[in-house]
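Presented below is the structure to which this report refers.
The values are calculated or read from the model by the stated rules, or taken from the named source; none is laboratory data. Computed from a prediction, not measured in an experiment: that's the story for all the values here. All Cβ positions, glycine included, derive from the backbone under ideal geometry; neighbour counts span all protein chains shown. These accessible areas exclude ligands, DNA and RNA; they are computed on the full protein's heavy atoms, side chains included. Shrake-Rupley method; radii C 1.70, N 1.55, O 1.52, S 1.80 Å.
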Amino acid sequence: MKGFGTIAALALCAPVIAAQAQMSGQADTGQAPAAQTSYSFHFKQTSKDACVLQNGLIVFDAGGNATVDLATMTTDNNDIWKSRIRLRTVAGTSVFTTPELNSPKMENKNGHPQTYNWAYSFHIDPRLLPSITQAEMFDITC
């Protein structure tokens, strides 16, 4: 009976051993895993005084080039949405902060707020991209 326990244990482990051998054969191709080609973060609607950020999106390509697309509006006249963007790691460490972003001068035409779509571009060290888990808008003024 003692020999039966050993055989049973080997029979139970055989699929695991075979799967591990198959996985190591697949992973051992000599090629690095494919790098992520883009990273993106959305900004939620927020407001400051008479200005409203309706939505926003920041997209990074693999080279560290970023494009920020924002939609803002105001319930007043001659306002400018001003803010900065901070990029953080999962631990909350800041890895990059943009200079101040300024919207075009916004107007409220005949009591109707207008939406202003605008963009901002910048570059960061692409080696930082895999560590970024959060993009936040801060230092908002209007």
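Tell me, please, whether a residue that is under 23 Å from Thr37 (Cβ atoms), open to solvent by less than 80 Å² (accessible area, probe 1.4 Å) and not in a strand (DSSP E or B) can be found in the stretch 91-108. The answer is yes; a qualifying residue exists.
Restricting the stretch 109-136 to residues that are aliphatic (A, V, I, L, M) and not in a loop (DSSP other than H, G, I, E, B), the residue that is farthest from Val68 (Cα to Cα) is Leu128. Cβ separations smaller than 7 Å between residues 6+ apart or across chains give the following pairs from the stretch 56-81 residues that are at positive phi to residues that are β-branched (Val, Ile, Thr): Gly64/Ile124. The combined condition, being under 17 Å from Asp49 (Cα atoms) and open to solvent by 60 Å² or more (accessible area, probe 1.4 Å), is fulfilled by Arg84.
Would it be correct to say that Gln54 is within 30 Å of Ala119 (Cβ to Cβ), surrounded by fewer than 15 Cβ atoms within 10 Å (Cβ to Cβ) and modelled with pLDDT under 95? For Gln54, the condition - within 30 Å of Ala119 (Cβ to Cβ), surrounded by fewer than 15 Cβ atoms within 10 Å (Cβ to Cβ) and modelled with pLDDT under 95 - is not met.
For every residue, the table says whether it meets (1) modelled with pLDDT of 95 or more; (2) of a type outside the set (Ser, Thr, Tyr).
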residue	(1), (2)
Ala50	no, yes
Val68	yes, yes
Thr97	yes, no
Pro130	no, yes
